[in-house]
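Student: The structure's right below; bear with me while I get my questions together.
The values are calculated or read from the model by the stated rules, or taken from the named source; none is laboratory data. The model shown is predicted, which means the values in this text are computed figures rather than measured ones. Counting neighbours? That spans all protein chains shown, and the Cβs are built from the backbone with ideal geometry, glycine included. When the accessible area is computed, the model is the full protein with side chains, heavy atoms only, and any ligands, DNA or RNA have been set aside. Shrake-Rupley method; radii C 1.70, N 1.55, O 1.52, S 1.80 Å.
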Amino acid sequence: MRIRIVLALLAGAGVSAGAQQTMVGYTTAGAAHERDVEASAIKRPSPTSASAHSKVLSRETHVAGTPAQARTRDYVVDQMKKWGLETEVRSYDIWMPQPTSVRVARVSPQPKELSLAEPAVADDPTSKLAQYPTVNGYSGQGDVSGDVVYVNYGLIEDYAQLDSLGVSVRGKIAIARYGRSFRGIKAREAEKHGAVALLIYSDPQEDGFVVGDVYPDGPMRNSAGVQRGSILNVDGDPSTPGYGSKPGAPRLEPRQMEIPHIPVVPIGYGNAGELLKYVRGANVPRGWQGGLPFRYHVGPGPVRARVSVADDRSTKPLKPIYDTFGIVRGAEFPDEFVIVGGHRDGWGPGAADNVSGTVSVLEAARAVAEEVKAGVRPKRTIIFATWDAEEWGLIGSTEFVEDDSLRLARNAVAYFNQDVAAQGPRFGGGGSPSLRPMLRDIARLVPDPNGKGSVYSEWRRASAVADTAEPAMGDPGGGSDFAGFYNHLGIPIAEWGFGGQGGVYHSQYDSYTWMTKFGDPGFHYHAAAARVGTAMLLRIANADVLPFDYVEYARTMRPYLDQIDRAVGGHHWNAPTIALRAAIDRLQEEGAAFNAARDSVLAGSPSKSALERTNQSLMQVERALTRPSGLRTRPWFRNLIYVADENNGYANMALPSVNEAIRSADEALTRNEIQDLAAHFDRAAQALTQARNALRGR
Ligand SMILES: [Zn+2]
């Protein structure tokens, strides 16, 4: 996974207070039946079973494209078959070079080869096994030497600071600390500024002893712990942009691909100290001092380093990856489907990232399969997916979405994502605003493992929000497997999980031992994540009318308009948002009218064909908020509501077509993008009107 900075705004006050007598989208009789089904199904995921899956799936490092990862495929498929699910495996050949040699040395003073591997620790059996080389996924190849320059987080603004100090990284080896941005942006900026290599290290201030005791005494990163991770800035196989990597598909040459070109190597803070403590030159600007026990300097030099990375791109660049699917065919609407997925690959044993998400998908699959055996089949088809090569750039899910985009665009009702589903006790959730009320309803249904209330009540308590507000939720900007579904196709998505302080992200120490000592010792939060998943899937799969909420959706948009007005006002531009505001107001009015009509029709006995046509129109509402040409900066990103900020990767940008126009300081473009977005909101409102007419049999 990529850690995302949640900048969610609070939802509007007093939103849908979860009336438990009725159930949104269900007839009265249907609601009573569904309550029974959900109550039975959510008891089925179990901590014992979750722990057993976790132990098997995390018993070895399973990086995409390696034989160990093919073994996790077989385990997941065997389990699903055993429970009676129909299964399918889709394979894609991905341009994904694997390292053959990675070295970092201090050249002067006192030449020293740095030991890059993460040492075994007592009582953690997987720490003693083979580990993946410490290199960032899609690093360039090379063997280079140069003076070292400390670039803080390696952000665009950090390089601007260096410029003002008269320090350049051109021809030098940059060293940046993790944090504040996606590592791919750090690599892009280092290369853009002329660095010959980049070292990225975990500073103890954010990710080590300053935060807490280190592994194995505590959960936090020790001095040798390394955060691996991809530095690819596009989603999917970089050799097949926009289409599936199927046999015979045309491929770009490496020189045509959007990939990094300089060696990029992640190191622990022990090794970083071996270089940083000898860096002199300018004093660091305010805020650049990290947690190592000496004064940091910017450099360049006098310490020199050598970085070399070699991989197999010239001999065997393509690797097979495997997505797996477990399928429960719907009894009434088999062609409409809801998907839950989590990535199955990791950088180490991956107990948290992402065995925990895989286990949540597995346990939900077992729960639904057992309900089917007991005679309760969902109305819509449910698909339980595990994705390969997420860690390299959301590759497995992206290739699947690109490969099957027509069917998905037409028939996918929703996608639910499980990435790091359980590594602590703190619930968090997010996704498309249309699904947030349903996620809150389901969180009310599932008991919190701490025994004090529901997942929802504990979530509220931990968020300490006012009585009139709801806990903040994350926006789907990108960074995990929902991106293909949401950002590319406009399919509503939701995600949730139980977080903690972490500390072993993308290292060999993200292990079953770490999980049982610190993350989720009893596997109760794994089971709770699966319970939320089970209920989410059944609630949407069995609904008479799909339970999307476009009142909350429109309300969530409104603060973004104030931000746009402030930016436009600051430039003294003529780019009014009146039409856009009016379109969002109409979406909210249509949402309210639809909800009222839905509830009154469902109180009677609506015809099946009316409901079918209603749901077909409902599925078009968010599709209408995409455009085929995508964002001007990134055509693959068709959704006009949220995207990851292209200058950060972790922070999200709302209404990106407009906000990127503002960032490019183009008044006319901003005006046009505001009009275009208003037109898309109008089309969304029209789809809702059609849905309301269909309800009434019109
Ligand atoms: Zn992950």
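Student: Tell me yes or no: at least one residue of region 493-514 is assigned to a loop (DSSP other than H, G, I, E, B), within 16 Å of the ligand (Cβ to nearest atom), aromatic (F, W, Y) and more than 30 Å from W636 (Cβ to Cβ).
Tutor: yes
Student: Just a yes or no: is a residue in region 654-669 part of a helix (DSSP H, G or I), of a type in the set (A, V, I, L, M, F, W, C), within 30 Å of S617 (Cβ to Cβ) and over 25 Å from the mean Cα position of the chain (by Cα)?
Tutor: No, that holds for no residue.
Student: Taking R632 as meeting all but one of (1) in contact with an Asp or Glu (Cβ under 9 Å, 6 or more places away or on another chain); (2) under 18 Å from L561 (Cβ atoms), write down the number of the exception.
Tutor: (2)
Student: Right, something else. From the residues in region 509-525 that are of a type outside the set (F, W, Y), out of contact with any Ser or Thr (no Cβ under 6 Å at 6 or more places or on another chain) and open to solvent by less than 10 Å² (accessible area, probe 1.4 Å), which one is farthest from W347 (Cα to Cα)?
Tutor: D520
Student: Another question, then. Looking only at region 478-487, count every residue that is surrounded by fewer than 24 Cβ atoms within 10 Å (Cβ to Cβ) and either under 16 Å from F548 (Cβ atoms) or more than 16 Å from the ligand (Cβ to nearest atom) (or both) and tell me the total.
Tutor: Residues in region 478-487 being surrounded by fewer than 24 Cβ atoms within 10 Å (Cβ to Cβ) and either under 16 Å from F548 (Cβ atoms) or more than 16 Å from the ligand (Cβ to nearest atom) (or both): 0 in total.
Quick grid of which residues meet (1) acidic (D, E); (2) open to solvent by 60 Å² or more (accessible area, probe 1.4 Å); (3) under 30 Å from T27 (Cβ atoms):
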site: D599; (1), (2), (3): yes, yes, yes
site: S609; (1), (2), (3): no, yes, yes
site: L618; (1), (2), (3): no, no, yes
site: V621; (1), (2), (3): no, no, yes
site: G630; (1), (2), (3): no, no, no
site: A651; (1), (2), (3): no, no, no
site: N659; (1), (2), (3): no, no, no
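Student: If I ask for residues that are within 16 Å of the ligand (Cβ to nearest atom) and among the hydrophobic types (A, V, I, L, M, F, W, C), which ones from region 391-440 would you list?
Tutor: Passing the criteria: W392, L394, I395, F416, V420, A421, A422.
Student: Surrounded by fewer than 19 Cβ atoms within 10 Å (Cβ to Cβ) and of a type in the set (D, E): does that describe D312?
Tutor: Yes: the conditions hold for D312.
Okay, residues lined up against (1) assigned to a strand (DSSP E or B); (2) touching a residue at least 24 places away in the same chain (Cβ under 8 Å):
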site: D74; (1), (2): no, no
site: V77; (1), (2): no, yes
site: T87; (1), (2): yes, yes
site: S91; (1), (2): yes, yes
site: V102; (1), (2): yes, yes
site: A105; (1), (2): yes, yes
site: Q110; (1), (2): no, no
site: S115; (1), (2): no, yes
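Student: Count, please, the residues in region 535-575 that happen to be over 22 Å from A472 (Cβ atoms), among the small types (G, A, S) and surrounded by 21 or more Cβ atoms within 10 Å (Cβ to Cβ).
Tutor: 3
Student: Further, regarding this structure: Among the residues of region 613-627, are any touching a residue at least 60 places away in the same chain (Cβ under 8 Å), over 20 Å from H680 (Cα atoms) and more than 31 Å from the chain's Cα centre (by Cα)?
Tutor: Yes, there is a match, as at least one residue in region 613-627 is touching a residue at least 60 places away in the same chain (Cβ under 8 Å), over 20 Å from H680 (Cα atoms) and more than 31 Å from the chain's Cα centre (by Cα).
Student: Can you tell me which of D335, D323, D345 is under 25 Å from the mean Cα position of the chain (by Cα) and either surrounded by fewer than 24 Cβ atoms within 10 Å (Cβ to Cβ) or outside any strand (DSSP E or B) (or both)?
Tutor: Result: D345 is the single residue among D335, D323, D345 that is under 25 Å from the mean Cα position of the chain (by Cα) and either surrounded by fewer than 24 Cβ atoms within 10 Å (Cβ to Cβ) or outside any strand (DSSP E or B) (or both).
Student: Pick from region 267-308 the residues that are part of a strand (DSSP E or B) and open to solvent by less than 50 Å² (accessible area, probe 1.4 Å): which of them is nearest to I200 (Cα to Cα)?
Tutor: Among those that are part of a strand (DSSP E or B) and open to solvent by less than 50 Å² (accessible area, probe 1.4 Å), it is I267.
Student: State all residues of region 254-266 that are surrounded by fewer than 24 Cβ atoms within 10 Å (Cβ to Cβ) and hydrophobic (A, V, I, L, M, F, W, C); if no residue qualifies, say none.
Tutor: Result: M257, I259, I262.
Student: Please go through region 3-60 and pick out each residue that is within 16 Å of the ligand (Cβ to nearest atom), part of a loop (DSSP other than H, G, I, E, B) and modelled with pLDDT of 50 or more.
Tutor: Selection gives I3, S58.
Student: Collect the residues in region 349-384 that are assigned to a helix (DSSP H, G or I), open to solvent by less than 10 Å² (accessible area, probe 1.4 Å) and among the β-branched types (V, I, T), keeping them in residue-number order.
Tutor: Within region 349-384, V355, T358, V359, V361, V368 qualify.
Student: Can you give me the ranges of the helices (runs of 4 or more DSSP H) entirely in region 121-213 with at least 3 residues that are in contact with a strand residue (DSSP E or B) (Cβ under 6 Å, 6 or more places away or on another chain)?
Tutor: Answer list for region 121-213: 183-192.
Student: Let me ask something else about it. Hey, among the residues in region 550-575 that are modelled with pLDDT of 95 or more and hydrophobic (A, V, I, L, M, F, W, C), which one's farthest from the chain's Cα centre (by Cα)?
Tutor: W573
Student: To continue, here is another question. Only residues that are polar (S, T, N, Q) and assigned to a strand (DSSP E or B): list them for region 638-653, please.
Tutor: Scanning region 638-653 gives N639, N652.
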